[in-house]
Structure formats: C-alpha cells, structure tokens
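The values are calculated or read from the model by the stated rules, or taken from the named source; none is laboratory data. These figures come from a predicted structure and were not determined experimentally. Cβ placement follows ideal geometry from the backbone for every residue including glycine, while neighbour counts extend to all protein chains displayed.
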Amino acid sequence: MIVTSVESGWEVVFQRSHGLLAGQLATNFRLDFRPHFWTQTLETILSHDDNKQPFDARHYVTDLGAPRDFTLVSMASPDRVAEAERRIIDNHRKHRWCGLLMSMHVQHLYGAAEGISAEMKALLKAEAARRRRVLRQLNRKAQQLEDAYQLLRWCDRCSLILARNRIPDMGRRIEVTHDLGRQRYDLWRREDDTVCVEPWPFAPDAFDVELELRRATTLAFKNDADLLQHLDGAEIEARTWTFRR
C-alpha cells in the first residue's frame, strides 16, 4: 500500500490502483515508444504491483497498528523473495515478455539494494540467466527489453509521484527518470494546476488521469483484516490530474 499521513488520519492507495494509474500514463505515450510486444508491455505496466502479500496477518499494519507504507518493508524480509519469485512466475505464465519485464523490475528493486538476503541474491543471479535464455527464444535483443522496461519504470515512477502527492510547490520541478531514451524527464505543476512534463513524450497535447484513494480515520488497527474491513468501508476520493503540453 501507499500510505500518506494527513490531518484526519491516513490516505491509502492500493498498489493495484497505483498500477492502473501507471497504465493510464502509458496509453498516452507516442506510438514510437511502444515496443514490439506492446499489449504484453501495457499489461505488465498495469499489473506490475499486483499479487502482493494477502491481507491475512500483519503485512500491512505496523507494530503500533498504523497502516504500513510499502517503503517500510525491510529489504531483508523473506517475504520479499517469495513475493518476487511468485510475481515473476505469474507473469511468465501470461507471456514470456511479461515475465521478462517483471524480472527486470525485481532486478531494479533489489539489484543495488543494501541488506538483501542470500536467497534474493541467488534469485537475481538465476533471473539474469533466464532473461538471456528467454530473449534468445523470443528473438529479441537485450536493448529492446531495456527500452520496454524503462517505459514501465517511467510510468511507475510518475504514478508514485502523483499517488504520494510529491509534486513540489511553487512550480519547482521533480525528475521522473533519466533512463527512458537516455533522456531526463522533469515534471512540475503550473499555476493553473495542470501538470507538465519536459520533454513531452505523449501523443495528445492534453489528457486526464485519475486515481482512487481511501481515507482511513482510525489511527490504529489490530491486523490486516481489521484494516481491510475499514478501507472497504472508507470514504473514496477520485483524484484527477490534467497533463498539458
């Protein structure tokens, strides 16, 4: 979950909703950004944060009972390895290209992280070998996979900036990424509240994207089930951003 502390309690975004926002961004990119396996790439962007831990213990509640933001999960947690492996396998079962993109995402998340377990290191090594093998099977180049993954990462990063309310005030800019096409992309908000990206990578000159978030007014929860019950009955806000060239 993506959790933001506010005056009334918590703003909570399910990571499936974050993925849906990333997919909305991806559908507006110019056609020249679309890789050979475009449908498979879009599906992976939409679902790249699906199939997280179930709400069946205390995965989503801190020791003090607060909703747990995704950044608070330890990189060394054994849950990380099981989750990463499960999500890679699930994506390979959709299509090998989906599996490759999820494998790249796991590599990005953990490849340079400190404190990861020996099991995670072993998984990353095995996945590097699998990516080379599957790329040969699909007759695709490593750079083509890299380009497709950088599109996923761009949309993921931009969606997180929006979902976490991280657009700076006073027209200041925030970097989205600098790896898509080896180009730095900056995002900022104009005085009329529209959002701009430079350079502009999208096909339309203007479009809207939407994200649903839930407001949790209870400050502490007994467990995941208690939190989920509260969120299912919570007030829902549909937050919209207008991107304009």
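Residue-level analysis places R166 among those that are more than 22 Å from F33 (Cα to Cα), within 22 Å of the chain's Cα centre (by Cα), of a type in the set (D, E, K, R) and surrounded by 11 or more Cβ atoms within 10 Å (Cβ to Cβ). Looking for something under 19 Å from S5 (Cβ atoms), at pLDDT below 95 and surrounded by 11 or more Cβ atoms within 10 Å (Cβ to Cβ) - is there at least one such residue anywhere in region 207-214? Taking every residue of region 207-214 in turn, none turns out to be under 19 Å from S5 (Cβ atoms), at pLDDT below 95 and surrounded by 11 or more Cβ atoms within 10 Å (Cβ to Cβ).
If you filter region 126-145 down to residues that are surrounded by 13 or more Cβ atoms within 10 Å (Cβ to Cβ) and of a type outside the set (A, V, I, L, M, F, W, C), you find that the one that is farthest from R184 (Cα to Cα) is R130.
Selection over region 179-234 of residues that are assigned to a strand (DSSP E or B), within 20 Å of the chain's Cα centre (by Cα) and among the aromatic types (F, W, Y) gives a count of 2. Go through region 169-184 and count every residue that is among the aliphatic types (A, V, I, L, M) and loosely packed, with under 13 Cβ neighbours inside 10 Å. The total comes to 1. Of the residues E85, E119, E127, E146, the single one that is touching a helix residue (DSSP H, G or I) at 6+ places or on another chain (Cβ under 9 Å) and within 20 Å of Q15 (Cβ to Cβ) is E85. Of all residues in region 59-91, those satisfying the criterion of being buried (at least 17 other Cβ atoms within 10 Å of the Cβ) and in contact (Cβ under 8 Å) with a residue 40 or more places away in the chain are H59, Y60, V61, A66, P67, R68, D69, R80, V81, N91.
Provide a single number: the residues in region 96-123 that are surrounded by fewer than 17 Cβ atoms within 10 Å (Cβ to Cβ), more than 16 Å from the chain's Cα centre (by Cα) and not in a loop (DSSP other than H, G, I, E, B).
Here the count works out to 4.
Being more than 20 Å from Y110 (Cβ to Cβ) and of a type in the set (D, E) is a property that holds for D169. Of the residues screened, D193 is one that is surrounded by fewer than 16 Cβ atoms within 10 Å (Cβ to Cβ) and closer than 20 Å to T4 by Cβ.
Taking the conditions exactly as written (farther than 24 Å from P201 by Cβ and at pLDDT 95 or above), does E175 satisfy them or not? Taking the combined requirement at face value, the residue does not satisfy it.
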